[in-house]
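Everything on this sheet refers to the single structure shown next.
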């Protein structure tokens, strides 16, 4: 199949000046507006008002203090000062997934998976000790059907399967099966493991752990990969963030090349260091651009719809962004952050290696004036 390039209705020069509005419904016509949102009554939207917002920034998780509520001076006077609890924090966030009110974040700085329980409002750690002790967990995938969690550990050269409570139950990767596994996804009885060292996706049997076949080989031609860092399986297709080829490639689940989009560049629709990737139910493709700290959104035909977010120290900013996850099942835990005029359909979780904000949460939806 021939290469498919992302096409834009609006030609945009430079990352920080404009956003792209198309049939995605970002606003009326081919408008140019600032990508930096305005804080209106403490609500931050993308694109900003008076355009039609499609995303709202909700909150950030970086440490256990994000759950703490400051006491009033009067309450402190009545009950006195409490002994300070040790703060649990995320050092370098990468992969992220969420299930049943618990966010799972790969912390490559602390060598653990951080669990953020939205129901109990507590931080926890997974993979701290024992046979399942992690060394450098990069990405995580949750099998909701079996209630299992798969973690790609690049230093252990393994994918480790845990129960949601943190017990290691199976290990994948023996005798040089993987070089540098950095991401994992599941389809049926097959595990798809992204190996950045071998420049391919290794498909293994979930039960026996044997390699069934591989997808891609080192190179830059269609179907070839060079330093793939992230994968996701959606709509019976495998999407690969082909990082050093500055593109996204799409395969069927047997490994046959289907399409590719993107090229090297520093303008919207191009890539300089594409990493995390996810796809929503409508086929919109979200790609994290780590060099310029953007998330680019493409439609199912690979046309650029929107690019958003900024680096910086404000609460909505991202810094050396890495992972992304789309979630439809946990909006209820974030109702307190939503504008009364914004109807949320699903959530976006975006992680950052550095800066104050390690896991940012955004909602996709519609705004009612």
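Could you give the Stokes-Einstein D for the range 114-213 in µm² per second, using the C-alpha Kirkwood radius, 10 °C, 1.306 mPa s? This corresponds to a translational diffusion coefficient of 116 µm²/s. Pair-distance distribution P(r) for the range 174-229, from all Cα-Cα distances in 10 Å bins starting at 0: 27, 55, 18, 1 percent. Separation of the range 88-105 and the range 140-191 by C-alpha centroid, Å? Rounded to whole Å, the Cα centres lie 16 Å apart. Segment residue 99..residue 224, full-extension length gain: 41.7 nm, with 0.36 nm per residue of separation and the alpha-carbon distance subtracted.
Shown is the FRET efficiency for residue 235 and residue 146, computed with R0 = 22 Å from the Cβ-Cβ distance and rounded to the nearest 0.05: 0.55.
Once both labels are positioned 7 Å from their Cα atoms along Cα-to-Cβ, the gap between residue 329 and residue 299 label points is 3.0 nm. For the pair residue 272 and residue 314, the difference between a 0.36 nm per residue extended length and the Cα-Cα distance amounts to 12.8 nm. Residue exposure proxy: 60, 351, 214, ordered by other Cβ atoms within 10 angstrom of their Cβ from fewest to most, comes out as 214, 60, 351.
If the segment from residue 210 to residue 291 were pulled out straight at 0.36 nm per residue, it would be longer than the present Cα-Cα gap by 25.6 nm.
Counting only the Cα atoms, the range 92-163 fills a convex hull of 78 Å³ per residue.
Just so you know, all these numbers are worked out from the coordinates, no wet-lab data involved. None of these values were measured; they are calculated from a predicted model. Methodologically, a virtual Cβ is constructed for each residue, glycine included, from the backbone with ideal geometry; neighbour enumeration extends over all protein chains shown.
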